[in-house]
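The values are calculated or read from the model by the stated rules, or taken from the named source; none is laboratory data. What you see is a predicted model, and the numbers here were worked out from it, not measured in a lab. A quick note on method: Cβ atoms are made from the backbone with ideal geometry, for glycine too, and the neighbour counts reach across all protein chains shown. Keep in mind that these areas ignore ligands, DNA and RNA; they rest on the heavy atoms of the full protein, side chains included. Shrake-Rupley method; radii C 1.70, N 1.55, O 1.52, S 1.80 Å.
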Amino acid sequence: MKDRIGIDPYLDWLRKEGIPVVEDFGVDLPAVQTRPWPRYGVNGAAVHLKGRGDFVSMFVLDLAPGAASAPQRHLYEEVLYVLSGRGSTTIEAADGGRHSFEWGPRSLFAIPLNTRYRHFNGSGAEAARLASTTNLPAVLNMFHNEAFVFDNPWAFGERLGQSKYFSGEGDFVPLRPGQHMWESNFVPDLAAIELKAWDQRGKGSKNIMFILADGTMHAHISEMQVGSYKKAHRHGPDFHVMCVTGEGYSLLWYEGESDLRQVRWKHGTVFAPPDRMFHQHFNTSAAPARYLATAFGSLRYPFTEAKRRALMGTGEGDPQGAVARSVKLGGDQIEFEDQSPRIHELYLSEVSRP
Ligand SMILES: [Fe+2]
């Protein structure tokens, strides 16, 4: 009998689901090939990035014109970003309450934990593609029991939040630059939501942290102005970075390495900086560039000590997380004056390309 060691219940489950699994450093989500996913009744694929970490993976869901996904309910959290198309999602809570909202390109929403939901393509002509980030690997590997995860009657009523959270409204929770939060379940257009200045990540840098469906799943959006780039920093794995507006590139390298890895991005590109790999984002377009980052461990519920350190600081007089504090001050950010001169030289040559 085969030794029962080294088991990954999530990967075992995924093999049985029969959908394609795309594995790469970065992935162009609109180009991912999907196949019928019996569980959802529509086409799907899984996306495993090199830096996905232990807790998170992505799925792509395709809704053909007029199609609807089969009802789902599960004990893992899910944050969805609309790559293309228009449609709606219906959420049915255990108390019978129903919530429905209409999404379009660049919408962001979360499924409140263990509620029953369906996605509908509202167009008879245009397909819709959703990119979902979930903590299914964490949950399935924790319990390794499919029925517990996919057929569990527990109602998490507190995760629903206010009714207005399903209508595109939310609550702004002011904290401090880098930590201002928008609490909701549904954000209609990530290109339109107001961001707040966070100059510690680079002049003109803006962001907002999301708290979606009171979840442990993380989401935030960042913006770089025209002709600018962020400071380099590093942190643990699993931040899935998705370009929302604009175009540009990112450089990645491990400490001590002289070779820089370059990832070019545009709408639909996703990549996940691997564990402790320095990375730096550059806007080369004529418009502000925004990217969405999903991960495990929110500002409200960081879950791991590493996320707490990255997002919240040490609590010793510096409220800035390590992602925005200089390496000279015990943080994980390289200030502009400390970066290698070739970083800026490369940027100048990139923005002057015809
Ligand atoms: Fe980062």
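If you go through region 235-258 and keep only what is in a loop (DSSP other than H, G, I, E, B), free of Cβ contacts under 8 Å to residues at least 60 places away in the same chain and crowded, with 20+ Cβ neighbours inside 10 Å, you end up with just Gly246. Only one entry of Ala232, Ala272, Ala306 meets the criterion of being among the small types (Gly, Ala, Ser), over 17 Å from Phe25 (Cβ atoms), open to solvent by less than 20 Å² (accessible area, probe 1.4 Å) and touching a residue at least 12 places away in the same chain (Cβ under 8 Å), and that entry is Ala232. Criterion first (at pLDDT 95 or above, farther than 19 Å from Tyr165 by Cβ and surrounded by 18 or more Cβ atoms within 10 Å (Cβ to Cβ)) does Leu190 satisfy it? Judged against the criteria, Leu190 is not a match. Of the residues that sit in region 259-269 and are in contact with a Cys (Cβ under 8 Å, 6 or more places away or on another chain) and under 20 Å from Glu350 (Cα atoms), which one is surrounded by the fewest Cβ atoms within 10 Å (Cβ to Cβ)? Only one residue fits best here, namely Lys266.
Within the set Ser340, Ser349, Ser298, the sole residue that is under 22 Å from Val226 (Cβ atoms) and at pLDDT 95 or above turns out to be Ser349.
Exactly one residue out of Gly66, Gly53 is part of a loop (DSSP other than H, G, I, E, B) and over 20 Å from the mean Cα position of the chain (by Cα), and it is Gly66.
Val21 falls short of the stated requirement of being open to solvent by less than 40 Å² (accessible area, probe 1.4 Å) and of a type in the set (A, V, I, L, M, F, W, C). Being on the phi > 0 side of the Ramachandran plot and within 15 Å of the ligand (Cβ to nearest atom) is the filter here, so list the residues in region 228-247 that pass it. Within region 228-247, just Asp238 meets the criteria. Against the conditions (1) open to solvent by less than 10 Å² (accessible area, probe 1.4 Å); (2) under 30 Å from Ser222 (Cα atoms); (3) out of contact with any strand residue (DSSP E or B) (no Cβ under 8 Å at 6 or more places or on another chain), Glu158 satisfies every one except (1). Here are the criteria: (1) hydroxyl-bearing (Ser, Thr, Tyr); (2) within 15 Å of the ligand (Cβ to nearest atom); (3) open to solvent by 20 Å² or more (accessible area, probe 1.4 Å). Tell me which single one Tyr301 does not satisfy. Tallying (1) hydroxyl-bearing (Ser, Thr, Tyr); (2) within 15 Å of the ligand (Cβ to nearest atom); (3) open to solvent by 20 Å² or more (accessible area, probe 1.4 Å), Tyr301 fails exactly one: (2).
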